Amino acid sequence: MTTQRSAATAAVINLLPGVLVMAAAVAISLFVASLQGFIGALVVALALGLLVRNTGLFHPRIRPGIQRATKRFLRLGVVVLGLQLSLPEILSLGYPVLALIIVSVFISFLFTRYVGERLGLSRAASTLMAAGFSICGASAIAGMQSIVNADDDEVASAIAMVTLYGSAVIVGLPLIGNLLGLSPETFGIWSGLAVHEVAQVVATASTAGAVALAVATVVKLGRVVLLAPVAAFVSVGIRRTEGAQPSATGRVAPIVPLFVVGFLALVLLRSTGVVPEPVLDAASLTATLLLAAAMFGLGTGIDIPHLARTGGKNLVLGGISTVFLGGITLAGAVLVTA
């Protein structure tokens, strides 16, 4: 018993420095994000991880804790994210808008992945880009990583593109909306469908007023819910082409990863209306903390010189995907509100 306790204590001591560094990085990320609404905490955390890795600060003493915690925090963060989504709120949009959400997500996902592969990107990299641009930005990219077995550089490049083009549409969509004379409802639907990150959606839609912002936020959450079926779709596709691959423990992974099942379970729990508002607020903060920690961990695994050499194709794909998604969703938003 004493030997087991000693081993457990040694393991904790070994992991603690890395976890403490992650905690500090998350605190800094939240502070920086609170100073402006342009860049979210997850992207700031990723940038801090990149800084640590590429400036010689990634000391061997902190590596075990960061590497051990990253995947666990990522999956827990995606699970807790489910408490932010309520099916009744999403269903209140009406069937035409719901159909538009589903169609635009799947068409843009398939289109982006197809174009990515034609440009010479790997299936994993193309899938990450497709998930980020069609579903919910960095969260979708991180959640899809383990399903497609993507490396950290592919994750970083996809998140960088979502940040770059998502920031561009914050400026572009209001200009186009004003030029076309879109109503607040139409602009809200378009913003919720065409902008990548939740924070970017809020920044974009708020330029057209409270009605546009309310509609855009719910439409965006409708896209987030589709993370689970898209993940299942990708997993089934991998099994058909590559077969069921056993994990390091010899077990065959489930079609839908358990953390995605947990995400769906919490979506259903939130939808019952029994979860108190203070718990929902705490869950929202917890999801941000966990995902920011995971992003920092992912950033520490990224080699910027290598990323710079391989990022050109992602840049092209991000531009094509943004224009395609913006075009089809504008047409759809005008159609359902005509």
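Against the main long axis of the alpha-carbon atoms of the chain, helix 41-54 sits at an angle near 40°.
The residues of the chain expose, per residue, 45 Å² of accessible area to a 1.4 Å probe. Of the trypsin sites (Lys or Arg not before Pro) found in the stretch 41-131, the ones in coil according to DSSP and having at most 13 other Cβ atoms within 10 Å of their Cβ are Arg61. One equal scatterer on each Cα of the stretch 21-165, no solvent, Debye formula: the resulting log10 I(q)/I(0) at q = 0.09 Å⁻¹ is -0.34. For the chain, find the longest principal axis of its Cα atoms and tell me its angle to the long axis of helix 258-271, 0 to 90°, nearest 10. In the chain, helix 258-271 runs at an angle near 50 degrees to the longest axis. In the calculated pair distance distribution of the stretch 152-199, what percentage of Cα-Cα distances lie above 15 Å? For the stretch 152-199, the share of Cα pairs beyond 15 Å comes to 49 percent. With both labels modelled 7 Å from their Cα along Cα-to-Cβ, the Ile176 to Leu285 distance reads 3.8 nm.
Here is the P(r) of the stretch 22-103: all C-alpha pair distances, binned every 10 Å from 0, give 14, 32, 27, 18, 8, 1 in whole percents. The percentage of C-alpha pairs in the stretch 87-179 whose separation is greater than 15 Å is 65%. Using a Gaussian network model on the chain with a 10 Å cutoff between Cα atoms, which of Gln200, Gln145, Gln36 fluctuates the most? Taking springs between Cα atoms under 10 Å, the residue moving most is Gln36. Applying the Karplus relation 6.51 cos²θ - 1.76 cosθ + 1.60 with θ = phi - 60° to the stretch 26-31 yields 3J(HN,Hα) values of 5, 4, 5, 4, 5, 5 Hz, where x marks Gly and Pro.
With both labels modelled 7 Å from their Cα along Cα-to-Cβ, the Thr241 to Asn54 distance reads 2.9 nm.
Comparing Leu20, Leu325, Leu74 in a Gaussian network model of the chain where C-alpha atoms under 10 Å apart are linked, the largest mean-square fluctuation is found at Leu20.
Label-to-label distance, Val323 versus Arg118, with points set 7 angstrom from Cα along the beta-carbon direction: 1.3 nm.
On a per residue basis, the convex hull of the C-alpha atoms belonging to the stretch 256-337 measures out at 180 Å³. Where does helix 312-336 land angle-wise versus the long Cα axis of the chain, in degrees 0 to 90, nearest 10? In the chain, helix 312-336 runs at an angle near 40 degrees to the longest axis. Among the chymotrypsin sites (Phe, Trp or Tyr not before Pro) in the stretch 74-114, none is located in a DSSP loop while being surrounded by at most 13 other Cβ atoms within 10 Å of its own Cβ.
Charged side chains reduced to their Cβ positions (Lys and Arg at +1, Asp and Glu at -1) give the chain a dipole of some 840 debye around its Cα centre.
The values are calculated or read from the model by the stated rules, or taken from the named source; none is laboratory data. Bear in mind the structure is a predicted one, so any value in this text is a computation, not a measurement. Backbone-built Cβ (ideal geometry, glycine too); neighbour counts: all protein chains shown. Each accessible area value is taken on the protein alone, full model and side chains, heavy atoms only, with ligands, DNA and RNA left out. Shrake-Rupley method; radii C 1.70, N 1.55, O 1.52, S 1.80 Å.
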